[in-house]
Amino acid sequence: MKRKPAHTPATPWRWAWAGGTLGLLLALLLVAPARWLAAGLAQASNGQLQLSDARGTVWNGSAQLVLAGGADSHDSSALPERLRWTLRPSTQGAALGMSLGLWAECCMAQPLQIQAAPHWGGAHITLADNQSHWPAALLAGLGAPWNTLQPEGALTLQTQGLALDWNAGRMQLAGQLQLDATDVASRLSTLKPMGSYRATLTGGSPTTLALETINGSLQLIGSGQWVGNRLHFDGTATAAPERVDALSNLLNIIGRRVGARATIKVG
């Protein structure tokens, strides 16, 4: 009695097919166009952060950074120079994460380095200490109230030991972020400049926000803190007696007005 020939297993072919498919996916991922990253950022920010005219790949590319008021807004403003980025896999301890480098020649002396690593229930993000300079007019693209204020001046952003940890939908901040607004002006006032100001965000439990005036005829002061994911802030805006008329329109916009003083309240 003759035996039937043994069935040749298809396993080698399956492995070859799987290997070819995996290789194709990896090749596609390596050359993923920059517009994929632009689409993801626009969706995640509800259209407020956009990468226009994106070129290159997800891993190494450039685009025009545009701030916009959102899906239903017609306000937008763009950086004068292109924003460039590099994205690479990285490790933080035993965790596999991503390393992002951002650089805009107009506004940064050196690239901003960001490390991100997922963990159970969230992610941990650290920013290398950095200083950058931005035109205040860029904020007008975000819509209200910035499109009404039409700010002018220079913004200097500094970070020191800044780290964010998301866990089960809650954010914990460590380190400090300082924003200096120098020679600020607005279309709502004939006084140019109105002053220079500093906002300091300090991580901890709770995370706090402090606003102070460096100099100027419009005095801004205030403090607040995050309770859960909401900011509670109280402050005041006061015009120098001889500048009340020049700052009147702006005081009316800032908050509840009593004479030369307006109350700032958030949350």
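The values are calculated or read from the model by the stated rules, or taken from the named source; none is laboratory data. Keep in mind that this is a model prediction, so the values were computed, not measured. Note that we place each Cβ from the backbone using ideal geometry, even for glycine, and neighbour counts take in every protein chain shown. Areas reflect the complete protein model, heavy atoms only, side chains present, ligands, DNA and RNA absent. Shrake-Rupley method; radii C 1.70, N 1.55, O 1.52, S 1.80 Å.
Go over the candidates Ala163, Ala116, Ala109, Ala140 one by one and state the one that is closer than 27 Å to Trp59 by Cα and open to solvent by less than 30 Å² (accessible area, probe 1.4 Å). I'd like the intermediate steps shown before the answer.
Working: Ala116 fails: open to solvent by less than 30 Å² (accessible area, probe 1.4 Å); Ala109 fails: open to solvent by less than 30 Å² (accessible area, probe 1.4 Å); Ala140 fails: closer than 27 Å to Trp59 by Cα.
When all the criteria are applied, what remains is Ala163.
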Do you know which residues across segment 179-200 are assigned to a strand (DSSP E or B) and open to solvent by less than 40 Å² (accessible area, probe 1.4 Å)? Asp180, Ala181, Val184, Ala185, Gly195, Ser196, Tyr197, Ala199, Thr200
Could we say that Ala104 is crowded, with 17+ Cβ neighbours inside 10 Å, on the phi < 0 side of the Ramachandran plot, among the small types (Gly, Ala, Ser) and in contact with a Gly (Cβ under 6 Å, 6 or more places away or on another chain) here? no
Read through the list (1) of a type in the set (Ser, Thr, Tyr); (2) more than 19 Å from Pro145 (Cα to Cα); (3) in a strand (DSSP E or B), then give the number of the only condition that Ser205 fails. (3)
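In segment 120-137, what residues are in a strand (DSSP E or B) and either buried (at least 17 other Cβ atoms within 10 Å of the Cβ) or touching a residue at least 40 places away in the same chain (Cβ under 8 Å) (or both)?
Scanning segment 120-137 gives Gly122, Ala123, His124, Ile125, Thr126, Leu127, Asn130, Ser132, Trp134, Pro135.
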Filter segment 216-233 for residues that are polar (S, T, N, Q) and more than 10 Å from Arg261 (Cα to Cα); which is surrounded by the most Cβ atoms within 10 Å (Cβ to Cβ)? Ser217
Restricting to segment 243-260, and then to whatever is among the hydrophobic types (A, V, I, L, M, F, W, C) and without any contact (Cβ under 8 Å) to a residue 60 or more places away in the chain, can you tell me which residue is farthest from Gln225 (Cα to Cα)? Ala246
Take Arg198 and tell me if it is under 27 Å from Ala168 (Cα atoms) and under 23 Å from the mean Cα position of the chain (by Cα). no
Restricted to segment 56-81 and to residues being out of contact with any helix residue (DSSP H, G or I) (no Cβ under 6 Å at 6 or more places or on another chain) and among the charged types (D, E, K, R), the residue surrounded by the fewest Cβ atoms within 10 Å (Cβ to Cβ) is Asp72
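Those residues that are surrounded by 14 or more Cβ atoms within 10 Å (Cβ to Cβ) and either among the acidic types (Asp, Glu) or not in a loop (DSSP other than H, G, I, E, B) (or both), I need them from segment 250-260; list them, please. Lay out the reasoning, then the answer.
The initial filter retains those residues of segment 250-260 that are surrounded by 14 or more Cβ atoms within 10 Å (Cβ to Cβ), namely 250-251, 253-255, 257, 260.
Within segment 250-260, Leu250, Leu251, Ile253, Ile254, Arg257 meet the criteria.
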From Thr263, Thr236, grab the single residue that is over 26 Å from Pro135 (Cα atoms), in a strand (DSSP E or B), free of Cβ contacts under 8 Å to residues at least 60 places away in the same chain and open to solvent by less than 60 Å² (accessible area, probe 1.4 Å). Thr263
Segment 143-156, subset surrounded by fewer than 17 Cβ atoms within 10 Å (Cβ to Cβ) and touching a strand residue (DSSP E or B) at 6+ places or on another chain (Cβ under 6 Å), residue nearest to Thr182 (Cα to Cα): Ala154
